[in-house]
1. What are the GluC sites (Glu not before Pro) within segment 282-357 that DSSP puts in a loop, where the Cβ has at most 11 other Cβ atoms within 10 Å?
2. Kindly provide the GluC sites (Glu not before Pro) of segment 42-142 that DSSP labels as loop, not H, G, I, E or B, and whose Cβ sees at most 15 other Cβ atoms within 10 Å.
3. Taking only the alpha-carbon positions of segment 4-291 and ignoring solvent, what does the Debye formula give for the base-10 log of I(q)/I(0) at q = 0.12 Å⁻¹?
4. Quick one: grab the alpha carbon gyration tensor of segment 99-256, order the square roots of its eigenvalues as a ≥ b ≥ c, and give me rounded if a/c is under 1.5, else prolate or oblate depending on whether a/b is larger than b/c.
5. Using a 10 Å cut-off on Cβ atoms, rank the peptides 235-246, 443-454 from the highest mean neighbour count down.
6. Take the alpha-carbon centre of segment 435-479, take the same for segment 78-133, and report the distance between them in whole Å.
7. Report ³J(HN,Hα) in whole Hz for each residue of segment 253-265, in order, from the Karplus equation J = 6.51 cos²θ - 1.76 cosθ + 1.60 where θ = phi - 60°; Gly and Pro get x.
8. Using the Karplus curve 6.51 cos²θ - 1.76 cosθ + 1.60 with θ = phi - 60°, work out ³J(HN,Hα) for each residue of segment 178-187 in order, rounded to whole Hz, and write x for Gly and Pro.
Amino acid sequence: MQSYIPSIGMEVHAELATRSKMFCRCSVAFGGQPNTRTCPICLGLPGTLPVPNRAAVEMVVRTALALNCTIAMRSIFHRKNYFYPDLPKGYQVSQYGDTNPLGYGGYIEIPTSDGGVKRVGIRRVHLEEDTGKLMHLPTGESGIDYNRAGVPLMEIVSEFPPDIQNAEEAKDYLVQLRQILLYLGVCDGKMEEGSLRCEPNISVRLKGAEKLGTKTELKNLNSFKSVQLGVGYETSRQAAVLEKGEKVLQETRGWNEQKEESYLMRIKETENDYRYFPDPDLIPMVFDDAYIEGLRKSLPELPLSKSQRYEKDYGLDRKESWEFLVDPEWSRFYEEAVKLGGDPRLIRNEMVSEFAKHLNETGIPARESRVTPAHIVELTKLKKEGQITSKMGKDVFVAMVKDGRMPAQIVKESGAVQISDESQLTSIIEEVLKTHPDAVAKYKGGQVNVKGFLVGQIMRQSKGQANPEMVQDLLQKALEQA
Ligand SMILES: [Zn+2]
């Protein structure tokens with residue numbers, strides 16, 4: 001087989017986290033009884049007038065700034081005309097043109113496995129509205145739910161010709177983009193609920209060829225995994241088609257998650273003509289520099305620069321930093337703990353073990369837990385200073401979760417302090433050796449692994465409070481002298 005180079009363009013739709021719809025005051029909440037979140041405006045009834053949602057515009061501009069775009073200081077809405085039952089007005093309000101969308105000509109940086117970053121161009125970031133949803137009922141009939149019609153939708157399109165060249169990069173792009181949207185608070189990023197949707201287009205060409213191949217578009221990808229698998233599948237499918245001497249057709253294909261293969265939805269013979277024209281009901285959006293600069297200043301620290309800071313300042317590796325970054329809440333907790341003066345490495349270890357397990361099991365978000373950053377910091381200090389063993393740490397943790405007492409107080413009240421006193425430990429060890437002369441004999445006879453048994457007995461004798469490292473040393477000495 002010859003060598004083929006894939007080119008992947010990414011089209012991402014993000015439902016904006018506003019309270020109300022794009023041009024009316026209906027709620028954008030997910031679900032609900034069909035057609036209960038509608039009004040004459042989002043149903044497109046005659047005589048109604050749309051009023052743009054200021055919060056939605058602001059979210060798109062902030063996203064465009066975070067994606068290093070140029071902002072269109074004067075931007076208009078267009079009507080994209082087509083007929084489909086999920087589109088009550090007969091047109092979708094969108095933004096057309098190269099330099100009219102709220103943001104254009106930007107880029108996103110994605111971390112690469114060699115520790116560097118790859119820059120992927122962003123062609124446009126624009127604002128439009130979502131459509132309704134066709135529902136195929138068990139009775140065999142079809143219904144339409146307009147609850148989603150008119151929900152503000154942001155479209156983010158990667159640059160053409162595409163910078164993305166394989167399935168993993170496609171996934172990484174989406175991971176990074178979703179992360180940015182979460183940090184900006186502009187989208188909840190729930191791919192399974194459809195509030196974040198990704199439609200990659202894929203083409204392959206022979207290595208060395210200048211011209212890009214015919215592309216297909218992939219739909220129904222509702223997880224990172226399906227994006228990666230889908231793009232990978234489509235790349236090999238197209239290469240196999242070309243290898244047979246056949247032509248790749250310009251198709252829209254769906255993704256079958258169970259079979260892990262793509263299937264034909266429809267063939268695109270010609271580009272649709274949407275007869276775009278400026279929406280006469282909506283006046284142009286005009287911004288001034290002060291407004292844009294104000295929004296630029298309001299941007300939070302973005303995930304990639306945060307992860308680079310964690311690596312540099314806290315000594316975490318990339319994988320460890322991303323454990324925090326996937327959840328803004330989790331990384332906020334971590335940073336607060338570090339700020340309180342804890343050791344960044346120990347705090348990380350403490351958080352990802354007992355604490356993460358506890359949150360996972362109970363389903364409580366970190367901010368609602370009785371365990372605060374101060375608890376974690378104090379616990380790591382007690383362990384580091386040798387006041388408690390890691391086994392005792394677990395008990396302290398359980399008590400801490402239960403009633404929110406501080407670790408030092410729990411230790412004090414239980415009287416359970418780690419025994420690091422040499423003479424005290426020595427007397428426990430001597431006692432254990434006296435009660436197990438057979439084990440000592442075995443050790444002398446060369447069965448050194450019996451030492452583990454003795455350590456266990458000593459820890460039990462001390463109710464788990466003996467300093468484990470000291471026990472190892474002192475026991476070794478005692479056995480040599482026995
Ligand atoms: Zn409405």
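1. Values: sites: E293, E301, E311, E320, E323, E329, E335, E336, E350, E354; in loops: E301.
Qualifying residues, ordered by number: E301.
2. Values: sites: E58, E109, E128, E129, E141; in loops: E141.
Passing sites in segment 42-142 are E141.
3. -0.81
4. Working: a/c = 1.83, a/b = 1.19, b/c = 1.54.
The shape class here is oblate.
5. Numbers: 235-246: 14.8, 443-454: 13.2.
Answer by packing, highest mean first, reads 235-246, 443-454.
6. The distance from the Cα centre of segment 435-479 to that of segment 78-133 comes to 67 Å.
7. 10, x, 10, 9, 5, 5, 7, 6, 8, 8, 9, 6, 9
8. Here the 3J(HN,Hα) series is 4, 4, 4, 4, 5, 5, 6, x, 9, 7 Hz.
Readers should treat all values here as calculations from the given coordinates under stated rules, not as data from a laboratory. Everything numeric in this text was worked out from a predicted model, so none of it was measured. Neighbour counts are summed over all protein chains in view; Cβ atoms, including those assigned to glycine, are modelled from backbone coordinates with ideal geometry.
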